[in-house]
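The values are calculated or read from the model by the stated rules, or taken from the named source; none is laboratory data. Because the structure is a prediction, the values reported are computed rather than measured. Heads up, the Cβs are rebuilt from the backbone with ideal geometry, glycines too, and the neighbour counts pull from every protein chain shown.
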Amino acid sequence: MRWRLKLFVVKNRKRELILSSIPKNENARHVEPHIEQHTGQNTGQHTSTQIIELSEIVAQVPSGPALLGGNMSLLHGVKVKLTVLLGHADTTLGELMDLKEAAILKIDRHVDCPVDVMVDGNVVARGQLVVVDDHFGVRVTEIAQAVKA
């Protein structure tokens, strides 16, 4: 199967790779790898396109040791971003656009309900909102149970 790999480079040096398949009927059966480059007229965006050939992968039964092999300490230094969810508020777009300073949004959580501590949209713990040295914090009151997928 042939694939088209595009690299977009914008003025702020942000790079984005896009990999898309090329239909079998496009061009000849075998295409020598080549690179096309151009610059957008008013966008300052540079694009490089390269056609590459990738062989089909035959599914195999995994073998060998597990990735972590039970050694969870390998993950201890991995940084994650926690999100603390206080609740949700429903409003209309018109009400949102009319918001002014000092307006109050009522959320769907009661004062005595715990807040959710989340990683990547998944609740990993719950707790009470507290103040620590002029910052908000969470006193963890329960840890979520692991669910096997």
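Any idea which of (1) surrounded by 10 or more Cβ atoms within 10 Å (Cβ to Cβ); (2) outside any loop (DSSP other than H, G, I, E, B); (3) modelled with pLDDT of 90 or more is the one Gly94 doesn't satisfy?
Answer for Gly94: the failing condition is (1).
Considering only residues that are under 28 Å from the mean Cα position of the chain (by Cα) and either modelled with pLDDT under 90 or in a loop (DSSP other than H, G, I, E, B) (or both), look in region 106-123 and name the one that is surrounded by the fewest Cβ atoms within 10 Å (Cβ to Cβ).
The selected residue is Gly121.
If I filter region 124-139 down to residues being over 11 Å from Leu82 (Cβ atoms) and aliphatic (A, V, I, L, M), which single residue comes out as nearest to the chain's Cα centre (by Cα)?
Checking each candidate, the answer is Leu129.
State whether one or more residues within region 69-79 are part of a loop (DSSP other than H, G, I, E, B) and hydroxyl-bearing (Ser, Thr, Tyr).
There is no residue in region 69-79 that is part of a loop (DSSP other than H, G, I, E, B) and hydroxyl-bearing (Ser, Thr, Tyr).
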